[in-house]
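Data first, discussion second: the structure below is written as structure tokens.
Coordinate-derived values only; no laboratory data. Not measured: the values here are computed from a predicted model. No Cβ is skipped: glycine too gets one built from the backbone with ideal geometry, and neighbour counts run over all protein chains shown.
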Amino acid sequence: MGMRKEENMVLLGGLKKTAMENMGMVLITLAVVAALIVLAFVAQKIFRKDEDDRSFKIRYIAIVAMLSAISAVLMFFEFPIPFIAPGFYKIDLSEVPVIVGAFAMGPVAGVVIEFIKILLHLFIKGTSSAFVGEFGNFVVGAGFIIPASIMYYAKKTKKRAIAGLITGVITTTIIGCLVNAFILLPFYAAAFGGIDKIIAAGTAVNPAVDSVFIFCLVLVAPFNIIKFSIVSVITVLIYHKISYLFKVGAN
């Protein structure tokens, strides 16, 4: 336990240094995430119907808790994509319950489920990255969930669902590249032996990789496109078949 605490302190020190060196982009990234979350709250307030009803609140809490637990469990079932990204980038399907909840109950529910999912995973498994990996997971997940669910929640049709999911894939791909380039990769480089090792891992997958920018462009972006496209396809296939289980109120 003491060793883990010391390791986390070292990692936090590296994180602080990395954050200071990339303060401009860190602030921009955080501002984008904050804007998305505010947008989620505003959209929910505009489109909500009978959410002040007591039965709505009880069912809402129960469904959020259930989907958060399912999502946290799914985080443990992850797999890499050979020839697309280095082995430390792994896909899991934990965003499927999150987007299902967001479609059924609104973007705020999606953000809450995403956050609780991360907390549960931390409680069960702990962190090996001084919470930076978990932060990145939350940010990238929110970048997908919020725009997708806002578009669908405003008008619940299949076309709007598909359009929202496509928008979510595009948004999270951009956010994922920014978060990796200016927060995650510099942090891991400072903590685990330098950026050259990370670039080398990328070059082993794609010889064109010779910088952080190219790493994000040809590895991180395709990885996120594939990951969230899989999540989107699964959501389109299952949502209308199971949505009655998660509906609350009149929505």
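Could you tell me whether the range 104-187 comes out rounded, prolate or oblate from its Cα gyration tensor? Rule is a ≥ b ≥ c as square roots of the eigenvalues, rounded for a/c under 1.5, then prolate if a/b exceeds b/c, otherwise oblate. Note, shape of the range 104-187 comes out oblate. Pairs with C-alpha atoms separated by more than 22 Å, drawn from the list 45/156; 45/117; 117/158, are 45/117; 117/158. Estimated from the Cβ-Cβ distance and a Förster radius of 51 angstrom, the FRET efficiency linking residue 238 and residue 211 is about 0.80.
Here the peptides 203-216, 63-76, 89-102, 145-158 are ranked by packing, the mean other Cβ count within 10 Å, and the order with the highest first is 89-102, 145-158, 63-76, 203-216.
Return 131, 79, 223, 144 ranked ascending by Cβ neighbour count within 10 Å, so the fewest neighbours appear first.
The most exposed by this proxy come first: 79, 131, 223, 144.
Overall form of the range 133-182: prolate. Here a/c, set by the Cα gyration tensor axes a ≥ b ≥ c, is 1.5 or more, and a/b is the larger of a/b and b/c. Working note: Debye formula, equal point scatterers on the alpha-carbon atoms of the range 24-246, no solvent; log10 I(q)/I(0) at q = 0.13 Å⁻¹ is -0.74. The ranking of 240, 121 by Cβ neighbour count inside 10 Å, starting from the fewest, reads 240, 121. Packing around the peptides 110-118, 170-178, taken as the average count of other Cβ atoms within 10 Å per residue, puts them in this order, highest first: 110-118, 170-178.
Ranking of 132, 218 by neighbouring Cβ atoms within 10 Å, starting from the fewest: 218, 132.
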